[in-house]
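Notes follow the structure.
Each reported figure results from applying straightforward, stated rules to the coordinates on display, with no laboratory input. Since we're looking at a predicted model, the values are computed, not measured. When we count neighbours, we look across all protein chains shown, and the Cβ atoms used for this are built from the backbone with ideal geometry, even at glycine.
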Amino acid sequence: MIRHILLFKFNEGVPTEARDEALERLQGLGEQCPTVSYWSVGANTAGSRSAYDIAEVADFIDEAALTEYKEHPAHRELSVHLGMIATWALADYELPPASGS
């Protein structure tokens with residue numbers, strides 16, 4: 001299982017309406033991409049100036065599923081849009097196998 005994490009920071013001067021639209025579009029993206037196993041998107045609640053504005057966490061069964069997600073038209077379109085209004089930090093890592101308790 002691969003965990004895919006993005007942290008988005010809006011560019012200076014991006015209006016509230018554009019930020020709200022970006023959040024809404026990100027929240028709906030997981031439903032559009034069939035290889036997503038888990039999807040969570042939320043607006044930052046930390047008051048720190050160094051905090052990012054939006055966090056996205058997604059899980060994929062394997063690298064092939066993550067690649068398919070990245071190539072999905074809805075993902076590509078939103079990535080282009082977000083690239084115009086925000087920067088982001090990305091981390092992907094392999095989750096340890098679930099323990100059979």
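Observations, loosely collected:
- Checking Leu66 against (1) in a helix (DSSP H, G or I); (2) over 15 Å from the mean Cα position of the chain (by Cα), the condition it does not meet: (2)
- Odd one out for Asp53, checked against (1) touching a residue at least 40 places away in the same chain (Cβ under 8 Å); (2) under 25 Å from Leu95 (Cβ atoms): (2)
- Of everything listed in (1) of a type in the set (Gly, Ala, Ser); (2) surrounded by fewer than 13 Cβ atoms within 10 Å (Cβ to Cβ); (3) closer than 18 Å to Val80 by Cα, the single unmet condition for Gly30 is (2).
- Selection of first residues in segment 6-32 that are closer than 13 Å to Ala74 by Cβ and of second residues that are among the acidic types (Asp, Glu), restricted to Cβ pairs under 7 Å at least 6 apart or on distinct chains, gives the following pairs, ordered by first then second residue: Leu26/Glu56.
- Screening Thr67 against (1) in contact (Cβ under 8 Å) with a residue 40 or more places away in the chain; (2) closer than 30 Å to Pro97 by Cβ leaves a single unmet condition, (1).
- Sole exception among (1) touching a helix residue (DSSP H, G or I) at 6+ places or on another chain (Cβ under 9 Å); (2) aliphatic (A, V, I, L, M); (3) loosely packed, with under 13 Cβ neighbours inside 10 Å for Ala46, by number: (1)
- When residues of segment 1-31 are limited to those that are in a helix (DSSP H, G or I) and over 13 Å from the mean Cα position of the chain (by Cα), the one nearest to Leu90 (Cα to Cα): Arg19
- Residue match in segment 74-85 (condition: out of contact with any Gly (no Cβ under 7 Å at 6 or more places or on another chain) and not in a helix (DSSP H, G or I)): no
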